[in-house]
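The values are calculated or read from the model by the stated rules, or taken from the named source; none is laboratory data. This structure is a prediction, so every number in the text was calculated from the model and none was measured. Note that we place each Cβ from the backbone using ideal geometry, even for glycine, and neighbour counts take in every protein chain shown. In case anyone asks, the SASA skips ligands and DNA or RNA and just uses the protein heavy atoms, side chains included. Shrake-Rupley method; radii C 1.70, N 1.55, O 1.52, S 1.80 Å.
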Amino acid sequence: MSDLIDDSLREKINSDDTIKVLATESKDGILHVVFKSSIHAEENGKIIFYELIESSQNNKNLVYSIWHDKEVKISILTKDKESYEISGIVKRAIVAGKEFEEAYQKVIEDGYKDLSTIWVIEPTEVKNTSLAKRAKEEEALHPVFTHLDRIAK
């Protein structure tokens, strides 16, 4: 169980109003960044991602990640403009069995044609990257990085 994803963050991740972005890396080191509404968080703190296309670059990169213990990143942006960056390690690829069948039925009911893989990601770090929080942190770290017009007031 991961204690990095609390109830509040899980609710934000699972909201239909939240924009979710997944970043993976290919075996050649090429970054692949995609919007993925099928990302959600479970009560145990793990991140679940449904890949719908077997031959996608995303799927290839996730296979590479699980084989070579490579980190992936997930960024979310809530409707209230809160943002978070979640780093994680891909732990499982589910392609058969009861869990897969249940997810497959849900994906079909939601109007999609197929489900390739259920990816399970174990979060290793969560950062609040919201603008207000980051601006306050940076101002404390670098107080002299201020535009002159702000000092003159």
- Task: Quickly run through the stretch 1-27 and pick out the residues that are touching a helix residue (DSSP H, G or I) at 6+ places or on another chain (Cβ under 7 Å), in a loop (DSSP other than H, G, I, E, B) and open to solvent by 60 Å² or more (accessible area, probe 1.4 Å).
- Result: Lys27
- Item | Meets criteria (at pLDDT 95 or above and either small (Gly, Ala, Ser) or under 24 Å from Val33 (Cβ atoms) (or both)) for Ala135 | no
- Task: Please verify whether the stretch 82-93 includes one or more residues that are open to solvent by 80 Å² or more (accessible area, probe 1.4 Å) and modelled with pLDDT of 95 or more.
- Result: yes
- Query: Any idea which residue in the stretch 100-120 is farthest from Tyr50 (Cα to Cα), counting only those that are over 21 Å from the mean Cα position of the chain (by Cα) and in a helix (DSSP H, G or I)?
  - Reply: Glu109
- So which pairs qualify, if the first residue must be in the stretch 18-29 and among the small types (Gly, Ala, Ser), the second must be outside any strand (DSSP E or B), the Cβ gap must be under 9 Å, and the two must be at least 6 apart or on different chains? Ser26/Gln57; Ser26/Lys60; Ser26/Asn61; Ser26/Tyr64
- Message: Quick check on my filter: what residues within the stretch 30-42 are free of Cβ contacts under 8 Å to residues at least 12 places away in the same chain and either outside any loop (DSSP other than H, G, I, E, B) or of a type in the set (Gly, Ala, Ser) (or both)?
- Response: Leu31
- If we ask which residues in the stretch 43-93 are free of Cβ contacts under 8 Å to residues at least 12 places away in the same chain and not in a helix (DSSP H, G or I), their number turns out to be 2
